[in-house]
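The values are calculated or read from the model by the stated rules, or taken from the named source; none is laboratory data. This structure is a prediction, so every number in the text was calculated from the model and none was measured. No Cβ is skipped: glycine too gets one built from the backbone with ideal geometry, and neighbour counts run over all protein chains shown. Surface areas here come from the heavy atoms of the whole protein model, side chains and all, with no ligands, DNA or RNA. Shrake-Rupley method; radii C 1.70, N 1.55, O 1.52, S 1.80 Å.
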Amino acid sequence: MFSVSIFLMILVAGFNLGGKTVDQAREELKQQVKIPQDVHLVSQNQTFDIATKDIDLNYDFQASAERAASYTRTGNPIYDLNTKLQLLKKPVNLGLTLNLNEEKLSKIISIIAGQNSVEPTEPSIKLVNGKIEVNKGSAGSEVDQLALRSEIGKNLALLSNENIQIPVVKIDNSLSDMGAVLVKSRAEKYLDKKLTIKQEFNNFDYQASQLLNFIDPKGGFKEEEIVKEITNIANKINRDPQNPKFSFDNNRVTEFLPALDGVKLDNQKLKNQIIEALDKFEKSDEKNLTLEAPVTKTPPEVTTDKVNNLGIKELIGRGTSTYFHSIPGRVHNVALAASRINGTLVKPGETFSFNDTLGDVSAFTGYAQAYIISGGKTILGDGGGVCQVSSTLFRALLNGGLPIVERAAHAYRVGYYEQNSPPGMDATVFGPSPDLKFTNDTQASILIVAKNDPKNYSLIFELYGTSDGRKATVTKPIVSNVRPALPTVYQDDPTLKAGVLKQVDYSAAGAKVSFDYKVEKNGATIFQKTFVSNYRPWAAVYLRGTKI
């Protein structure tokens, strides 16, 4: 290779090496080639210089000369002869073989690309004040970094001092005027629609504003958004099988874990179900669709009834509530009262009393001050928040189909009890009366389990026993006889500075709320009852400072 001559009309970076040996060509390139100081890039409004020292540029003259010599020596005689004939007509200019730091060059190109790219705006759909708004989006552009790298390499290999035009690619996913009209018409079909995904006691609700996130303005649905939401659902419901635990001491369960099947969500199947539901919303007048989350269940090694002889086998009732915006004292009281009800066993035929089970509610028994209703006023008193606990248990009793012997509603509608529930689902307690009572009319003991989450301001009551096949039905509460809140009351307070106004009570409209509760077993009604709550209108009260 080193003794052969380079064929005529072969140039390297503009230097004619025809007739020279590889050694001669290498030496000539060494003498003639000077490493350029920089490369010049230009865009519409800017110029950029890349210093070759910043990318560690150098040339391999030996490899460059060898490449020139091998240009007509591929080993294919017919191909090589044709190449020589072409060279006699037109010379070829080969580039120098170069070495550089690709990582450094890539970083510089990335920075330049960032300064010469315009982020496109994707079309979007939003629900604003009950109306659909479509943003058509706008075009953007980005630097073709691979093409730019190629042009820089070519420029350096040929020792060209010409400016390199930065290659830019247009990105445009925006909608046309007609496209925006069609998308708006499509999105309007989701108004007043609701999708619910259920799994055991978990409900995942999606209203119109959330469903719109799944629509692809360019057609079809955004599967990546659907997959993201499914991942959130899976994180909340997937679990390993749980073996039960049961510790019993002094007529109270001190430790309890029910047997639970392991649960694993079928993500792909749920994605298909969601897309089918969304398609149905667009093609039908369906307002509400409910999907049962497709899951695979794995049973535990031991069932709950194997660790006790009280007939406690399964979940028979559940109630939930939230208490967002509670003051610290109320949060403390909810946790304390729930802990004192938790673990209670109610034997067959026994009547449970909330007040008797809870015991004394005062500062002496650990309760903090929080707002309570007393004497027709909302005041700070020991144990404010205990009714959050009784109201949540009331809901569990309704869900479990148990006979509720005693229940009283609050004097007025309290916001805490309507955060995740319709009105009329509360139960007030205050020892010795009013009380919340129920009778265990099943053949097994009932275990009351409280699960309080103060970080998320949520409370759950679960009732465990043995199901006898009963089914409870609670009708949607009917709100009637609505009366406006009472006029705001201002009371002078000499302990507050003049000009200070402090709200100590909040207004609430009066109303009558009723719902029917029916429990059936084997097709026959065991009992039924109508719960009626008469809520008084309430006034906001402000203390007005008079202290000078």
### Message
For residue 97, what residues show an amide H to amide H distance below 5 Å, using hydrogens built from the backbone and excluding near sequence neighbours?
### Response
60, 64
### All lysines inside 21 Å of residue 502 as judged from Cα atoms, apart from same-chain residues fewer than 8 positions distant
377, 547
#### Entry: Net length gained if the chain between residue 163 and residue 482 were fully extended (0.36 nm per residue, minus Cα distance)
106.9 nm
### Query
Can you give the net charge of the other residues whose Cβ lies under 13 Å from the Cβ of residue 210, counting K and R as +1 and D and E as -1?
+2
### Query
So what's the angle, to the nearest 10 degrees on a 0 to 90 scale, between helix 61-70 and the longest Cα principal axis of the chain?
70 degrees
### In segment 59-188, lysine pairs with alpha-carbon atoms under 16 angstrom apart (chain gap of 8 or more, or interchain)
4
#### Entry: Amide H contacts under 5 Å for residue 215, placed H, 5+ residues apart
222
#### Entry: Spacing of the two label points (7 Å from each Cα toward its C-beta) at residue 97 and residue 16, in nm
2.5 nm
### Query
How far is helix 328-341 tilted off the main Cα axis of the chain, in degrees rounded to 10, range 0 to 90?
70 degrees
### Query
Between residue 530 and residue 495, what FRET efficiency comes out of the Förster formula 1/(1 + (r/R0)^6) with R0 = 45 Å and r the beta carbon distance, rounded to 0.05?
0.45
### Task
Would you compute, for the Cα atoms of segment 405-544, the largest minus smallest coordinate along each principal axis and list the three values in descending order, in whole Å?
67, 36, 30
### Query
Given a Förster distance of 51 angstrom, what is the FRET efficiency for residue 106 paired with residue 185, based on the Cβ-Cβ distance and rounded to 0.05?
0.65
### Task
Measure off 7 Å from each Cα along the Cα-to-Cβ vector at residue 70 and residue 279, then give the distance between these two points in nanometres to one decimal.
5.6 nm
### Message
Straight-line reach only, C-alpha to C-alpha below 17 angstrom: list the lysines that residue 512 could link to, leaving out same-chain residues fewer than 8 apart.
### Response
476, 529
### Task
Rounded to the nearest 0.05, what FRET efficiency do residue 235 and residue 135 give with R0 = 35 Å and r taken as the Cβ-Cβ distance? Could you check?
0.70
### Summary
Carbon/sulfur accessible area of segment 105-158, % of total, 1.4 Å probe, equals 50 percent
### Task
Would you mind putting 495-506, 350-361 in packing order, based on average other-beta-carbon counts within 10 Å, highest first?
350-361, 495-506
### Message
Given the -39500 (n - 2.57) contribution per DSSP H run of 4+ residues, what per-residue ellipticity at 222 nm results for the chain, rounded to the nearest 500 deg cm²/dmol?
### Response
-8000 deg cm²/dmol
#### Entry: Cα-projected label distance for residue 154 with residue 90, points at 7 Å along beta-carbon direction, nm
1.5 nm
### Under the Karplus curve 6.51 cos²θ - 1.76 cosθ + 1.60, θ = phi - 60°, whole-Hz ³J(HN,Hα) for segment 183-200, x wherever Gly or Pro sits
5, 4, 4, 5, 5, 5, 6, 9, 4, 6, 9, 9, 10, 10, 10, 10, 7, 6
### Task
Please report the relative contact order for segment 232-328, taking Cα pairs under 8 Å with a sequence separation of at least 6, and give it as a percent rounded to a whole number.
29 percent
### Query
Placing +1 at every Lys and Arg Cβ and -1 at every Asp and Glu Cβ, with all other atoms neutral, what dipole size does the chain have around its Cα centre, in debye to the nearest 20?
1020 debye
### Query
Taking every DSSP beta bridge that has both residues in segment 1-130, what percent is antiparallel when rounded to the nearest 5?
75 percent
### Query
Using Cα atoms only, what is the angle between the long axis of helix 223-237 and the major principal axis of the chain, expressed in degrees (0 to 90) to the nearest 10?
40 degrees
